Amino acid sequence: MRIGTLKTDYAADEALFDTRLQKLLILLACAAAVLFPFVASPYWLFLACLCAINVASATGLNILTGYTGLVSLGQAAFMSVGAYTVAVLEIHAGTPFLLNLLVGGLLTALVGIGVGIPSLRVKGLYLAIATIAASVVLHFVFAHWPLTGGMQGLSMPPARLFGLALDQPFQLYWLILPVTALMVLGAANLFRTRVGRAFIAIRDRDISAEVLGIPLLRYKLMSFAVSSFYAGLAGGLWAYFFRVVTPESFPLVNSIFYLAAIIVGGMGTILGGILGAVFMTMVPELLKFVAGLVTPFYPDALALLAPVRTIVFGALIVGFLIFEPHGLAEIWRRIRRFFHLWPFRT
Amino acid sequence: MTDWLFLTEVFLAGLGSGALYAVTGVAFVLIYKATRVVNLAIGEILMLGGYAFFGAAAGWHLPAWVALPVAILAGALVGAVVERGLIRPMLGESPISVFMVTIGLGSILAGFVQIVWGADPLRLPEFLPSAPIFIGEAYVAPKVAYGFLAAMVVVTAFVLGLRFSRGGVALKATAADQAAAYSVGIDVPRVFSLSWIVACGVAAGAGVLVGAIGGISPTMGVFGLSVLVVVIVGGLDSMAGALVGGLFIGVVEAFAGTFLGGEYRFLVTFSILILILMVRPYGLFGTHEIERL
Amino acid sequence: MRGLPVTLAARDVILGVEGVSLAFGGVRALTDVSFSVRRGSITAVIGPNGAGKTSLFNTISGFYRPRSGNVVFDGRSLAGTAPPERARLGLARTFQNIALFRGMTVLDNIKLGRHAHMRTGLLDALVYRGRARREELELRAEIEERIIDFLEIQHIRNAPVATLPYGLRKRVELARALAMRPRLLMLDEPVAGMNREETEDMARFILDVKEEWDVTILMVEHDMGMVMDISDHVVVLNFGQVIAEGSPAAVQVDPAVVAAYLGAGDLGRRLSGPEAA
């Protein structure tokens, strides 16, 4: 049974986490996140960082696609802009990493606005196709521009903090996780204000939104800007994490991956972006684990890993769209609701 | 001095591959007209056709004239299953969701093909006559020429069939207004099924031709991206647009590939795509109203 | 009554529709429509189906651009003013088919109405400190105390709008329009599809809104009983033209209006012709 939800002022009712239990859970999660690197193996730390990067990017895509209703198949390409910016700055300028990340994000936001300009004229699928086209163009630019190292791409030095190189998952964890957490918090805040409401209004009924006082182009472009800013930051984190950026680092398949992540997690919910990105990052690892178990009996299992993963991705997209269109977040909500009423109604 | 003969040969080669875009584009348009589904998996279905032919001809050692129908039937079967199992449950959902279902489908098909036939590129057994063909003085690779002829026959059959058959009328009625078509007694669900079956069969057949020319591989589905450009340029709901767009994009790719280098092909076609989206989002021949999706 | 010069001092007029014509392709939706809305009045636009009432509203909102003519709001020409800017000036409206945002709660739908009057920018929003937080909390308090209480929708404030029955949705839409800080409130068929009791509730809300918020009301409505009960001024449209205007009592007996409602539009025009001359 849910208790303790009596509120005495509007601020309490507008809070992100409004029950004591929720606050407790968040506190526990933070504590766990702080303790995690000290107990986890490098493999798990590696995965945690990867999950966090994907959460950051998926949250960005969720703002654009899940909340504003503008489908993009360019999220990976936007990430590449951030990644290349960070790599170039790190190699040629040697500026501090936080500045590099910020510049990467801002530059990506500019690119995002450019890609978003057709969004007033074309909608829906046409826009999705325009973002594919933008991905192709960006890929070409990175593969041919001397500054970005052509097909070889760029190898970059690690991020440095007070002379300390952040080159192990343990150290990178302390960079990636807080940045991601701030980004998710920012996204959650966005939807407590008029900006977020405008995004949702555009998604649900863009024509009447205009008559109610929302300038469409401005907010569509703003959504593109925020979303690609997130992608750029995520791409920058990605660059610091892998330290090699090539044109093939961010293929179209990755854009589909992020789209799949928000579909599976739940479009238009912050929790959905988190759950979906973590889930989709873990699925290949789970498959690897299963393949390892099966190998003694079926030696070729590892060779099948790549195609099975492709099939599972596809099947997850299709399955969630048909059977659970609101994604994991909706399942989580159902579980919560069950406990809110338990034991009076089961 | 410009070498006219060479230019002509490039042009003809472009027409050859353009015809394959056109025929796949026509299949795409058929599905779109009937069901308003943008089928991004068309490239993967085409790929499946190529592999089905390979399986029948190289695996089961069937002669080519049997293997080709096998491939087409395999495509049609997949079309039927997909329409029933994946598309129909999505009826009434937003077009975006259905579009993403087809993305998922493409992923499933690509993985499936890789599991059965492996990741390496394969060559289809030769089944087309290989005597060199000259048009005037210009040389045309025989496979390309036969591919062109076959594709043109199919496209013509389509255009005529749509204009003069009962099925064509039913399709047009469904495309114009599903509810109205249903209320005057047109079996709309059957139009849905048939369009998927026919379109996927045609795409699979095109896959055999594409595979005969360039070989088959699990990444052959990218062909679908070029087809996407073709149908956007021509207009999503226009058969004539698919034909013209296909030939146009084929020729453009041929010239871009020859004079700029292979990696420029996509850049050029997608730049055209962006241009079209900005200037004429419903394509050269498409219906204006579909701008609001 | 038609043609009776309704002379109002300029400062009494909050909205002037001046010779507005609108066409879709070859179809003429509005032809030379002119009328004025007096400040503080309840003005109703009536007419048979397809008379152009909603087209008129959409033109005033700026959603359609008239082929000729002009809309003047509070002495200021609205030509070239985009719909969001008109909303900011105080043109608030509801929609015939209820345009609530299905993905939001009732509260968020109402808050959305205030959009044009808020100043929170993107950066404020991301951090939710200072201005963003202050503005949101002020808005919340105002909505709770002035709008939600007033319209008696406390019990559904956190409900997703998709789950609400029709009558309540109409009320939420009115709430959102009130949150827009309206100076002219345009209601498109506020009681369509409602039963007697709901209609009377809505009529009471409309009258109370006019008093309490000091707004002018322009509404399109089919329910003659309600129109005659609460409006001060009635404009009758038929085939995109104004065929009569005046007080409810006068319009009711106007032969052109009677004819239009009997379905003989041509007859109506012929009848009104000599009088207009």
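Here are the numbers for this structure:
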quantity: Tally, over the stretch B:112-142, of residues that are open to solvent by 70 Å² or more (accessible area, probe 1.4 Å), in a helix (DSSP H, G or I) and of a type in the set (Val, Ile, Thr); calculated: 1
quantity: Single condition B:Val244 does not satisfy, out of (1) closer than 30 Å to B:Trp117 by Cβ; (2) under 17 Å from the mean Cα position of the chain (by Cα); (3) open to solvent by 20 Å² or more (accessible area, probe 1.4 Å); calculated: (1)
quantity: All positions within the stretch A:190-236 that are β-branched (Val, Ile, Thr), facing chain C (nearest Cβ under 8 Å) and within 20 Å of A:Pro118 (Cα to Cα); calculated: A:Ile200, A:Ile207, A:Ile214, A:Val226
quantity: Check on A:Gly213, touching a residue at least 24 places away in the same chain (Cβ under 8 Å), small (Gly, Ala, Ser) and touching a helix residue (DSSP H, G or I) at 6+ places or on another chain (Cβ under 9 Å); calculated: no
quantity: Lone unmet requirement of (1) surrounded by fewer than 24 Cβ atoms within 10 Å (Cβ to Cβ); (2) touching a strand residue (DSSP E or B) at 6+ places or on another chain (Cβ under 8 Å); (3) closer than 22 Å to A:Ile132 by Cβ for B:Thr8; calculated: (3)
quantity: Whichever residue in the stretch A:118-127 is open to solvent by less than 10 Å² (accessible area, probe 1.4 Å) and facing chain B (nearest Cβ under 7 Å) and, among such residues, is nearest to A:Gly69 (Cα to Cα); calculated: A:Leu125
quantity: Matching residues, the stretch C:44-82, being among the β-branched types (Val, Ile, Thr), under 23 Å from A:Gly213 (Cα atoms) and in contact with a strand residue (DSSP E or B) (Cβ under 8 Å, 6 or more places away or on another chain); calculated: C:Thr54, C:Thr59, C:Ile60, C:Val71, C:Val72
quantity: Helices (runs of 4 or more DSSP H) lying entirely in the stretch A:1-95 (those with 2 or more residues that are touching a Pro at 6+ places or on another chain (Cβ under 6 Å)); calculated: A:42-61
quantity: Unmet requirement for A:Arg243, which otherwise passes all of (1) in contact with a Pro (Cβ under 9 Å, 6 or more places away or on another chain); (2) of a type outside the set (A, V, I, L, M, F, W, C); (3) crowded, with 21+ Cβ neighbours inside 10 Å; calculated: (3)
quantity: Where A:Leu175 falls short, out of the listed (1) aliphatic (A, V, I, L, M); (2) part of a loop (DSSP other than H, G, I, E, B); (3) within 30 Å of A:Leu27 (Cβ to Cβ); calculated: (2)
quantity: Unmet criterion (only one of (1) part of a loop (DSSP other than H, G, I, E, B); (2) within 7 Å of chain A (Cβ to nearest Cβ); (3) over 30 Å from C:Val17 (Cα atoms)) for C:Arg129; calculated: (2)
quantity: Residue check, A:Ile317 open to solvent by 30 Å² or more (accessible area, probe 1.4 Å), modelled with pLDDT of 90 or more and part of a helix (DSSP H, G or I); calculated: no
quantity: Count of the stretch A:253-283 residues which are open to solvent by less than 20 Å² (accessible area, probe 1.4 Å), more than 14 Å from chain B (Cβ to nearest Cβ) and farther than 19 Å from A:Ala188 by Cα; calculated: 1
quantity: Number of the condition not met by B:Gly167 [criteria: (1) touching a residue at least 24 places away in the same chain (Cβ under 8 Å); (2) more than 30 Å from B:Val251 (Cα to Cα); (3) within 14 Å of chain A (Cβ to nearest Cβ); (4) of a type in the set (Gly, Ala, Ser)]; calculated: (3)
quantity: Of all residues in the stretch B:42-62 being in contact (Cβ under 8 Å) with a residue 60 or more places away in the chain and open to solvent by 10 Å² or more (accessible area, probe 1.4 Å), the one that is nearest to B:Leu30 (Cα to Cα); calculated: B:Glu44
quantity: Failed condition for C:Ala177, given (1) of a type in the set (A, V, I, L, M, F, W, C); (2) assigned to a loop (DSSP other than H, G, I, E, B); (3) assigned by TED's automatic domain parsing to the domain that holds C:Asp108; calculated: (2)
quantity: Meets criteria (surrounded by 15 or more Cβ atoms within 10 Å (Cβ to Cβ), under 21 Å from B:Phe223 (Cβ atoms) and at pLDDT 90 or above) for B:Gly75; calculated: yes
quantity: Members of the stretch B:95-117 that are of a type in the set (A, V, I, L, M) and within 7 Å of another protein chain (Cβ to nearest Cβ); calculated: B:Ile96, B:Met100, B:Val101, B:Ile103, B:Leu105, B:Ile108, B:Ala110, B:Ile115
quantity: Options B:Ala199, B:Ala145; residue that is modelled with pLDDT of 85 or more, more than 19 Å from B:Val26 (Cβ to Cβ) and not in a loop (DSSP other than H, G, I, E, B); calculated: B:Ala145
quantity: Residue among C:Leu122, C:Leu174, C:Leu184 that is open to solvent by 30 Å² or more (accessible area, probe 1.4 Å) and of a type outside the set (Lys, Arg); calculated: C:Leu122
quantity: Count - residues of the stretch A:35-63 that are among the β-branched types (Val, Ile, Thr) and over 17 Å from the mean Cα position of the chain (by Cα); calculated: 1
quantity: Hits in the stretch C:101-126 (condition: aliphatic (A, V, I, L, M), part of a helix (DSSP H, G or I) and at the interface with chain A (Cβ under 8 Å from one of its Cβ atoms)); calculated: C:Leu112, C:Ala116, C:Leu122, C:Ala125, C:Leu126
quantity: Scan of the stretch A:152-189 for residues that are open to solvent by 50 Å² or more (accessible area, probe 1.4 Å) and either within 14 Å of chain C (Cβ to nearest Cβ) or touching a His at 6+ places or on another chain (Cβ under 9 Å) (or both), ordered by number; calculated: A:Ala181, A:Leu182, A:Leu185
quantity: A:Val86 within 11 Å of chain B (Cβ to nearest Cβ) and either touching a Gly at 6+ places or on another chain (Cβ under 8 Å) or at negative phi (or both); calculated: no
quantity: Residue within the stretch C:72-91 that is more than 8 Å from chain A (Cβ to nearest Cβ), closer than 22 Å to C:Leu174 by Cα and surrounded by fewer than 15 Cβ atoms within 10 Å (Cβ to Cβ) present; calculated: no
quantity: In the stretch B:78-94, residue farthest from the other protein chains (Cβ to nearest Cβ) [restricted to those that are open to solvent by 20 Å² or more (accessible area, probe 1.4 Å) and part of a helix (DSSP H, G or I)]; calculated: B:Ala80
quantity: Close pairs (8 angstrom Cβ cut-off, 6 or more residues apart or separate chains): without any contact (Cβ under 8 Å) to a residue 40 or more places away in the chain in the stretch A:6-30, exposed (fewer than 13 other Cβ atoms within 10 Å of the Cβ) and part of a helix (DSSP H, G or I) anywhere; calculated: A:Phe17/A:Ile26; A:Asp18/A:Ala12
quantity: Subset of the stretch A:320-346 (residues that are within 14 Å of chain B (Cβ to nearest Cβ) and loosely packed, with under 12 Cβ neighbours inside 10 Å); calculated: A:Phe323
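The values are calculated or read from the model by the stated rules, or taken from the named source; none is laboratory data. Not measured: the values here are computed from a predicted model. Positions of Cβ are backbone-derived with ideal geometry, glycine not excepted, and every protein chain shown enters the neighbour counts. Areas reflect the complete protein model, heavy atoms only, side chains present, ligands, DNA and RNA absent. Shrake-Rupley method; radii C 1.70, N 1.55, O 1.52, S 1.80 Å.
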